[in-house]
Amino acid sequence: MNVPAARKFVRLLPALLLLLGGCGKAPLPPEPARPVLTQVVGDNAGDELLSYSGEVRSRYETPLAFRIAGKITARLVDSGAVVNAGQALARLDPADARLSATAAAAQLELAEADLRRFRNLQAKHFVSQAALDARETAFKAAQAQADLAHNQASYTVLRAEQAGIVGLVAVEVGQVVAAGQTVMRLARADTLEVAIAIPESRMAELRALGAATVELWADRQASYAGLLREVSPVADPVTRTYAARVSIRHPDARVLLGMTATVRFLRRGGNTRLTVPLTAIFQHQGGPALWVVGSDQTVVLRPVSVAAYREDTAVLDGGVQAGERIVVAGVHKLSSGEQVRVIDPAKPLAEPQPQSDQSDAAAR
């Protein structure tokens with residue numbers, strides 16, 4: 001082979017190798033259509049759900065404390081315990097209280113003896129009436145001091161004033177507490193409500209609505225009627241929201257203290273408007289738009305006019321018609337004219353079918 005022919009063969013060698021490598025392989029299958037979550041646009045009566053997350057609390061939460069200072073020798077309940085009225089919850093070391101009661105009783109005995117002696121002396125006119133009055137006063141003071149020491153001896157046992165649930169335990173055995181220091185927090189279980197925060201822009205309309213629906217985050221099937229019971233007159237200095245309480249009517253065993261709940265207020269509207277989820281709105285060229293699914297399962301981006309934005313939805317003023325299907329999730333991953341596979345949240349997903357043996361053989 002001469003030199004020019006050899007050079008020509010070297011130049012054609014990569015193309016020949018590429019052709020030889022492609023022989024025997026089937027062409028790549030087309031990419032499957034992208035599955036998208038869709039929804040049919042329908043008329044809405046203009047109603048709006050105002051939703052607020054909160055925590056299940058008790059209307060009456062009482063901090064419990066000892067009435068005297070001392071060292072805790074026993075803690076009889078733990079956090080979350082259900083207690084009855086009068087049940088013992090904790091105890092203090094009773095030694096000091098007993099000594100005080102013993103000293104007060106001794107002073108009372110001495111005052112009582114002095115009073116008897118002065119009464120006998122006054123009956124014989126050996127002492128004046130003023131001296132006898134002073135002894136009677138001293139006896140009454142000693143008696144009051146003895147009663148006080150006796151009561152303080154009983155204060156070494158902390159008891160529940162009413163039935164409820166222990167929601168907080170702030171001390172441990174061996175700790176020295178002062179009089180009035182919070183030891184536990186007792187919450188009544190029959191007065192459950194939800195603590196929420198209301199923005200200042202919704203104060204007037206929520207006060208007018210009042211009625212609400214309470215749903216548990218842990219159990220979506222649990223729904224209860226509620227009523228706006230209390231709204232704080234002063235806004236929180238940090239969040240600038242108003243603390244509010246929504247009472248739960250007829251709660252059952254599924255409602256537990258500390259649970260997360262959603263409170264929904266229904267605001268009625270007068271005009272029929274089209275509403276779409278906020279997740280369906282796509283910002284295009286400085287304005288809102290929607291991905292509309294055509295009859296051929298392709299998507300087209302269509303500008304729309306939004307009249308108002310709500311908590312979870314947007315009220316439309318034009319751009320789409322009722323009955324058209326739009327994409328409500330993953331709108332930022334689509335392109336105009338793209339073929340999609342429609343997924344309706346109201347219908348169960350179809351299970352994928354396994355490939356046939358013939359298609360496998362063709363692929364091989």
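Read-outs throughout are calculated quantities, based only on the coordinates presented, and are distinct from any laboratory measurement. All figures in this text were calculated on a predicted structure; none of them were measured in a lab. Ideal geometry is used to build each Cβ from the backbone, glycine not excepted, and the neighbour counts take in all protein chains shown.
Close amide H pairs (under 5 Å, H built 1.01 Å from N) link ALA163 with ALA85, residues at least 5 positions away or on another chain. On a C-alpha basis, how far is the centre of the stretch 122-195 from the centre of the stretch 222-262 in Å? Whole number, if you could? So the two Cα centres are separated by 36 Å.
What trypsin sites (Lys or Arg not before Pro) does the stretch 276-343 have in DSSP loop regions with at most 14 other beta carbons within 10 Å? Please list the in-between numbers first.
Values: sites: ARG310, ARG325, LYS333, ARG341; in loops: ARG310.
Here the trypsin sites (Lys or Arg not before Pro) that fit, given the DSSP loop and packing criteria, are ARG310.
Per-residue Cβ neighbour counts within 10 Å put TRP291, TRP217 in the sequence TRP217, TRP291, beginning with the fewest.
What is the fewest-to-most order of VAL306, VAL276, VAL82 by other Cβ atoms lying within 10 Å of their Cβ? Please report the intermediate quantities before stating the final value.
Numbers: VAL306 15, VAL276 23, VAL82 11.
Starting with the residue having the fewest Cβ neighbours, the order is VAL82, VAL306, VAL276.
Distance from the alpha carbon centroid of the stretch 325-343 to that of the stretch 281-315 works out to 11 angstrom.
Here the label points at PHE126 and GLU172, each 7 Å from Cα along the C-beta direction, are separated by 6.4 nm in the simple model.
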